[in-house]
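Contents: one structure, followed by commentary.
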Amino acid sequence: MKVGFLACPGTLPGPGPRRGDAFEHDLEVAALRPALATRGLELVEIDWRAPLDEFADLGSVLLGTAWDYQDCAAEFLARLDALAARGIRVCNPPEVVRWNIDKGYLAELAGRGAATVPTLWHEDAGRAEIEAALAHFGADRVVVKRRVGAGGEGQHSFTCDTLPEADWRMGRPAMIQPFLPAIIEEGEFTFVFIDGRFSHGVNKRAAMGEYRIQSIFGGHEAGYDPAPADLATAEAVMAALPFTDLLYARIDMVRLPGGELAVMEAELIEPYLYPEQGPDFGDRLAEALARRLAVPAV
Ligand SMILES: Nc1ncnc2c1ncn2[C@@H]1O[C@H](COP(=O)(O)OP(=O)(O)O)[C@@H](O)[C@H]1O
Ligand SMILES: [Mg+2]
């Protein structure tokens, strides 16, 4: 059986220019391809916008590195629905993507008791909302980000001294948080879960002068063996999710000034899953997928 690894023109290998983080696509494919092959599953890299006919012989698709749908979320969701309607097993499924695509889900997790970053939600944000947030949080720096966004794109950070121009607007639904200094001091902690179980941890640090930890902004990562209390906080986030049968989940956490980790994002769509820090990642994911597809275990 063939398994599609959804990608986008910026991450797919080929003659065209690739994104600065396309090497992550290659690392994931390198980890997954042999592990799937062992189980009789052939990994096929495919642009998520490819004509539907090109998906005809796929039994399943992984959302992979489809990292360019932020400005066309409806089109992306419609494509996943169309694949599912053709009997292709979409991992994670469209209903999970629909729930996870707008960071408003963080408010839902907070309501279920998960530790979250304090957040103000707005249909749009401009200078007035930034000033109000600085006062509300009693913070000297805030981060404003898109509710539908990824990879740190379209995100801004302001202080009382570096407010935006009076006519500046995000121009879309936005969320504002106090800037957490722990992101500079110790970075972000990622907890990768495969089939609901903790697989491996990653500590992600920003480049000098940056606060966004993504590799595309010069961030770097290292393996991370979480303390039991920190792992328990991430597991509590997993328990607060309204889904139980997730093939993969990535819980990103940052420490609050009080010392407790808080969830920055619960990434259930197309997270990079850090195969370099999880040597068993390929096997674990392939095994869990094979089980879902009822392929005999090896
Ligand atoms: N409140 C915050 N305080 C400090 N850094 C932040 C904050 N929010 C976001 N960041 C930084 O920006 C990065 C991207 O933000 P995030 O919420 O993870 O959105 P996404 O990854 O979907 O773009 C984070 O990984 C972190 O480095
Ligand atoms: Mg993130």
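None of the figures in this text is laboratory data; all of them are computed from the coordinates on show. Note that the coordinates shown come from a computational prediction; the quantities given were computed from them, not determined experimentally. Methodologically, a virtual Cβ is constructed for each residue, glycine included, from the backbone with ideal geometry; neighbour enumeration extends over all protein chains shown.
A few comments on the model shown:
- Available extension along the chain between E186 and R86 is 31.5 nm, counting 0.36 nm per residue and deducting the alpha carbon span.
- Cα-only Debye scattering, region 120-179: base-10 log of I(q)/I(0) at q = 0.13, 0.18 Å⁻¹: -0.27, -0.52
- Separation of the D26 and D280 label points, Cα + 7 Å toward Cβ, nm: 2.8
- Region 165-217-region 219-249 distance, computed between alpha-carbon centres (Å): 15
- Contour minus Cα-Cα distance for S157 and E108 (0.36 nm per residue): 15.2 nm
- Compared with the direct C-alpha span, the chain from A135 to D167 gains 9.5 nm at full extension, assuming 0.36 nm per residue.
- In region 120-179, Cα pairs under 8 Å separated by at least six residues give a relative contact order of 53 percent.
- Overall dimensions of the chain as given by Cα atoms, namely Rg and Dmax in Å: 19.3, 62
- Each Lys and Arg contributes +1 and each Asp and Glu -1, all at the Cβ; summed about the Cα centre of the chain, the dipole is approximately 480 debye.
- Where labels lie 7 Å past Cα in the beta-carbon direction, separation of L77 and R98 in nm: 0.7
- The relative contact order of the chain comes to 20 percent, based on Cα pairs under 8 Å that sit 6 or more residues apart.
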